[in-house]
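Here's the structure we're looking at; comments come further down.
The values are calculated or read from the model by the stated rules, or taken from the named source; none is laboratory data. What you see is a predicted model; the values in this text were computed from it and never measured. Using ideal geometry, Cβ is built from the backbone for each residue, glycine included, and neighbour counts are taken over all protein chains shown. Just the protein is used for accessible areas: all its heavy atoms, side chains included, with ligands, DNA and RNA removed. Shrake-Rupley method; radii C 1.70, N 1.55, O 1.52, S 1.80 Å.
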Amino acid sequence: MRSLLLSTLLTTLLISIGATAAADEGDDALQPSARFSVYGHGAAATPPMGWNPWNAFRTEVTQARMLSVVDAIQQRGLQRAGYTYINIDDGWWLRRRVDGGIDIRTRMFPIAASADGGSSLRAWTDGLHARGFKAGLYTDVGANACSQAFDRHSPNLPVGSIAERGIGLQGFEASDLKTMFQDWGFDYLKVDACGLADFGPGSEPVRESGLAINRPVIVRGDAEATDRRAVETRYARVGRLLAGLNPDNDYVLSICPWGEAGVRDWGGRHGNMWRTSPDIEPTWESMLHNFDSAARRELYAGPGRWNDPDMLAIGLGEFDADHLAEARTHFSLWAMLAAPLLMGFDVSTASNALIDILANPEVIAVNQDAAGNQATLAVDGPALQVLVKPLASHGERALLLFNRGDAPATATVDAAQMKLAGDTLTHVRDLWRHEDLDVRQPLTFRLAPRETRLLKVVGTPVRGNATLLSEMTARIHVAADGLPTYATPRDADIGTPRADHSPEGKPLRIASTDYAYGIGAHAQSRLEVATRGEFQRFAAHVGMQQSDQPGTGRVVFRVFGDGRLLHETRAVGALDAPLPLDVDVDGVQVMELVAATSGDTSDGVPAAIVWGDALLRGGAAR
Ligand code: GLA
């Protein structure tokens, strides 16, 4: 009796402690999950490749135009090169029916007209499947689509009453997704977000086109006014529904809130790719802007979940047949980012030189490498940048030297920057010239403005048989980044957890000791690492990132293995020397690295911390 009473008391106590922890989201986020909490569904083990008509045809998309591109993709070797997804974008719909279904604009897609007067895209997807392609479609997570806000003078917008023009998913999630995937047989869905952003009270589309008012939960460019939880909740539902509708897992979910609403943090939990920026335009500036929006997010990408800086602008504007150097650079950058490769121009009119760029098998192999690591920036100057992408095969890296400036420049890269042991370089291959180069160290190249050299190099990994965490970024998931949600950066990415850099982009440094490699983050962070039972030990030197204005806060570092605490440090302060860790992780499937503030930290954003030279021994992952 007494023991029963005691255990009831204990349970009550534990429940109330649990409730307090759950109420404090910050602490809750530091609890180990014992899993690798990414989406885990869909068919995007490598970045999706294909074609999207939006930047070529906007709402003037027709079946005939699309098929002429499909023919070109097939006949000119692009399908063989890997471009598989043929995606319909905005403009395909005519109206929402009273019974909740959607009528297709059969004037533009005659193949969709059924004998009974209805419409279905089944024949379209059957046709693509028969030719070895996959089929993609487009919708919006709100009630209306982007064309209804930004292409309002198009003759091809949805027609009818306000309700009939509500062609987005809102209120129709389950039935629309079932129609698209089970009835029509699509394999890919891009889900845009204008319906959550551009139809507020007094907005132009509402005033001028009489569309339903939808209180915006995304306020573009204003993270504080945006209700990121509401946006995440909608996309999470789409992700769950698609997983349920596709037992064979053969689908891709592309999330499209243009880098808004903190999608950096949750895109990989609910879908396979997510836009990091506004729409690409075919200008050098826009391409750079979109590249930058993803370039420091290497800890967010990996098999099944990719940063998406938008479609390729190759074939258009400053990347057309008269700008082949720019086109090669653009393609190289997207390859290094492990970004989806979606062509966006009228391929039926492409010059051979453009086709050669897009079909370059050695460059595509970098993008499609099985390890799925996004490149990290080894050199990040205003003009010169060097990106390094560890490849699946032992000791192989793709290396990109990039001159983004207006003047010629000389780029030099040494073995350490490639994460190779000194003097062990055995092979250097130029992936655009398709030739092996003399092995010389350091590697030095003169680059014209906007020019890149894309190389594959082979040597001995810098830590021998151990694997640096920054060599296996695809196996890291940022479960908590320690930043207040409103501070989630949009473009500049100050504050993003990084490989080999502090969140502010500085070298990793603890009490005057520099670490060329490691992971930089803020405190109140938790990283999940997919160790998959392949390693024996985890080692690192931990401490607080040296700062000009050291705070008074202290940080405790914890290492968990499959949810069990394996190691906890004492609390360290800003001036404390690095603490060495060497932890047994034998058999651990998911290791979690937690940095937690200890005691009172009153100064807003938690201090930056360092997992210096963090590495795993006893395996061959990268
Ligand atoms: C948004 C998207 C684009 C395209 C258009 C269609 O702007 O970001 O990629 O889909 O909508 O209207």
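Here are a few things to note about the model shown:
- Among residues of region 389-402 that are at pLDDT below 95, those with a Cβ under 8 angstrom from a residue that is small (G, A, S), sequence gap 6+ or separate chain, pair up as H394/A620.
- Applying the condition of being open to solvent by 60 Å² or more (accessible area, probe 1.4 Å), in contact (Cβ under 8 Å) with a residue 12 or more places away in the chain and of a type outside the set (D, E) to region 206-228 and asking which residue is nearest to the ligand (Cβ to nearest atom) yields R220.
- Among the residues making up region 148-187, a single one is buried (at least 23 other Cβ atoms within 10 Å of the Cβ), of a type in the set (G, A, S) and touching a residue at least 60 places away in the same chain (Cβ under 8 Å): G166.
- Residue under evaluation R65, criteria (1) at pLDDT below 95; (2) open to solvent by 50 Å² or more (accessible area, probe 1.4 Å), criterion not met: (1)
- Residues that are within 18 Å of G315 (Cβ to Cβ) and in contact with a Ser or Thr (Cβ under 7 Å, 6 or more places away or on another chain), drawn from region 282-298: N290
- If only residues of region 284-311 that are within 16 Å of the ligand (Cβ to nearest atom) and without any contact (Cβ under 8 Å) to a residue 40 or more places away in the chain are counted, the one that is surrounded by the fewest Cβ atoms within 10 Å (Cβ to Cβ) is S286.
- Take the conditions (1) in a helix (DSSP H, G or I); (2) under 27 Å from the mean Cα position of the chain (by Cα); (3) over 24 Å from G118 (Cβ atoms); V206 misses just one of them, which is (2).
- G482 vs. criteria out of contact with any helix residue (DSSP H, G or I) (no Cβ under 9 Å at 6 or more places or on another chain), open to solvent by 10 Å² or more (accessible area, probe 1.4 Å) and small (G, A, S): no
- The residues of region 123-141 that are more than 22 Å from the chain's Cα centre (by Cα) and surrounded by 15 or more Cβ atoms within 10 Å (Cβ to Cβ), listed by number, are A123, W124, T125, G127, L128, F133.
- Breaking point among (1) open to solvent by 10 Å² or more (accessible area, probe 1.4 Å); (2) within 25 Å of V252 (Cβ to Cβ), for S203: (2)
- A365 vs. criteria surrounded by fewer than 23 Cβ atoms within 10 Å (Cβ to Cβ), among the aliphatic types (A, V, I, L, M), without any contact (Cβ under 8 Å) to a residue 24 or more places away in the chain and outside any loop (DSSP other than H, G, I, E, B): yes
- Qualifying residue in region 236-259 (condition: charged (D, E, K, R) and crowded, with 18+ Cβ neighbours inside 10 Å): no
- Which listed residue, of E534, E592, is more than 21 Å from V462 (Cα to Cα) and within 28 Å of the chain's Cα centre (by Cα): E592
- Scanning region 550-573 turns up no residue that is in contact (Cβ under 8 Å) with a residue 60 or more places away in the chain and touching a helix residue (DSSP H, G or I) at 6+ places or on another chain (Cβ under 9 Å).
- Selection of region 508-526 for residues being among the charged types (D, E, K, R) and closer than 17 Å to D265 by Cβ yields only R526.
- Any hit, region 49-59, residues being in a loop (DSSP other than H, G, I, E, B), surrounded by 22 or more Cβ atoms within 10 Å (Cβ to Cβ) and in contact with a Gly (Cβ under 9 Å, 6 or more places away or on another chain): yes
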